[in-house]
Amino acid sequence: MRYLHFGSEWVQGAMRIARPAALELEYTRELMFPLLLRPGAAWPATVLQVGLGSASVTRFLDRHRPRARLTIAEISPEVVAAARQFFKLPEGPRIRIDVADGHEYVAASSREFDLIVVDGFDERGRTGMLDTLPFYVNCRARLSPRGLVAVNLVDRRRGAAAASAARLAAAFDGRALALPASGDGNTIAIAASGEPATATLTQLARRAATLSAATGLDLAPTVERLAQRLGRGAAISL
């Protein structure tokens, strides 16, 4: 295993050298929960990543969604360089990397994306403008008609993740869901714009099994935690 740190104890990413396309950290796996809400290999066709880290999501999507066009907004050129040198950052015509502030990039962009993945922190685990209502509103404006956003929230202080999830929900008129916190302390929140994203827990379990068989990504534990919180006969609707 190889880990990325920004000069502090906070783990900013990880890669198993023998399996670089696998998502080793639990929160990175749960950032792919939208794949259960929009099943099928054709989605997403366009992805924006705000924050590159160790390029875990980039490698996974490059391998398992080979037709998707990936755009990464990463504020630090040193992170991009580290991802290239140590974390097998994919290269090619489908992958575009812009060294830019994520908040400013989203605010200035006119492009639409099927999936926006937000995972941006500094060496102290701070998000800056990436956890604000204006940023989330701008993310909503950048989504395609079937678009979803997945955001990594960290409880740096008690109640912080819940407050962040509330801001996301406010930006999306309540069409948001915070997954149960993972074992590593991260909370992933999902929000939708445009076409509704609905599924029963039974459907999500079946889709998780299909996704696991196709990609090796196991989201069954996440679906099980949702079932324990909501009830096995429940459904989610975004």
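The values are calculated or read from the model by the stated rules, or taken from the named source; none is laboratory data. Here the structure is a predicted model, which means the values were calculated and not measured. For neighbour counting, all protein chains shown are included, and Cβ atoms are generated from backbone atoms with ideal geometry for every residue, glycine included. When the accessible area is computed, the model is the full protein with side chains, heavy atoms only, and any ligands, DNA or RNA have been set aside. Shrake-Rupley method; radii C 1.70, N 1.55, O 1.52, S 1.80 Å.
Per-residue answers, yes or no, for (1) hydrophobic (A, V, I, L, M, F, W, C); (2) more than 14 Å from the chain's Cα centre (by Cα):
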{"site": "190", "(1), (2)": "yes, no"}
{"site": "200", "(1), (2)": "no, yes"}
{"site": "206", "(1), (2)": "no, yes"}
{"site": "214", "(1), (2)": "yes, yes"}
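Here's a check for you: in segment 103-131, which residue that is in a helix (DSSP H, G or I) and at pLDDT 95 or above is surrounded by the fewest Cβ atoms within 10 Å (Cβ to Cβ)? If you could, list the steps in order and put the result at the bottom.
Keep residues of segment 103-131 that are in a helix (DSSP H, G or I), which gives 103-108, 128-131.
Now narrow it down to the ones that are at pLDDT 95 or above: 103-108.
Values: 103: 22, 104: 14, 105: 20, 106: 27, 107: 16, 108: 10.
Looking at residues that are in a helix (DSSP H, G or I) and at pLDDT 95 or above, I get 108.
What residue, among those in segment 40-82 that are more than 23 Å from residue 129 (Cα to Cα) and assigned to a helix (DSSP H, G or I), is most open to solvent (accessible area, probe 1.4 Å)? Before the answer, list the steps.
As a first pass, look at segment 40-82 and keep what is more than 23 Å from residue 129 (Cα to Cα): 40-46, 59-69, 81-82.
Remaining after also requiring assigned to a helix (DSSP H, G or I): 59-64, 81-82.
On the way: 59: 13, 60: 6, 61: 0, 62: 47, 63: 143, 64: 42, 81: 53, 82: 22 Å².
Per the criteria, the residue is 63.
Could we say that residue 137 is surrounded by 14 or more Cβ atoms within 10 Å (Cβ to Cβ), of a type in the set (A, V, I, L, M) and modelled with pLDDT of 95 or more here? Working first, answer last.
On the way: surrounded by 14 or more Cβ atoms within 10 Å (Cβ to Cβ): yes; of a type in the set (A, V, I, L, M): yes; modelled with pLDDT of 95 or more: yes.
It is true that residue 137 is surrounded by 14 or more Cβ atoms within 10 Å (Cβ to Cβ), of a type in the set (A, V, I, L, M) and modelled with pLDDT of 95 or more.
Return the pairs, sorted by first residue and then second, in which the second residue is assigned to a helix (DSSP H, G or I) and of a type in the set (Ser, Thr, Tyr), the first residue lies in segment 84-98 and is free of Cβ contacts under 8 Å to residues at least 40 places away in the same chain, the beta carbons are less than 9 Å apart, and the residues are 6+ apart or on different chains.
From segment 84-98, the pairs are 89/58; 90/58; 95/58; 98/105.
Show the residue pairs that are 6+ apart or on different chains and have beta-carbon atoms under 6 Å apart, the first residue being within segment 203-232 and touching a residue at least 12 places away in the same chain (Cβ under 8 Å), the second being open to solvent by 40 Å² or more (accessible area, probe 1.4 Å) and outside any helix (DSSP H, G or I).
Final answer for the pair search is 207/39.
With respect to residue 113, determine if the residue is within 27 Å of residue 66 (Cα to Cα), under 17 Å from the mean Cα position of the chain (by Cα) and among the aromatic types (Phe, Trp, Tyr).
Yes; evaluated as a whole, the condition is true for this residue.
Pull up segment 201-238, narrow it to residues that are open to solvent by 50 Å² or more (accessible area, probe 1.4 Å) and of a type in the set (Ser, Thr, Tyr), then point me to the one that is nearest to residue 32 (Cα to Cα).
210
Applying the selection to segment 166-186, what residues are crowded, with 19+ Cβ neighbours inside 10 Å and modelled with pLDDT of 95 or more?
167, 168, 171, 172, 175, 176, 177, 178, 179
If the Cβ limit is 6 Å and pairs must be 6+ apart or interchain, which residue in segment 6-35 that is closer than 22 Å to residue 178 by Cβ and assigned to a loop (DSSP other than H, G, I, E, B) pairs with which residue that is open to solvent by 60 Å² or more (accessible area, probe 1.4 Å) and at pLDDT 95 or above?
23/29
Among the residues of segment 7-28, which ones are of a type in the set (A, V, I, L, M, F, W, C) and open to solvent by 40 Å² or more (accessible area, probe 1.4 Å)?
If we filter segment 7-28 for residues that are of a type in the set (A, V, I, L, M, F, W, C), which is where we start, we get 10-11, 14-15, 17-18, 21-23, 25.
Result: 10, 11, 17, 18.
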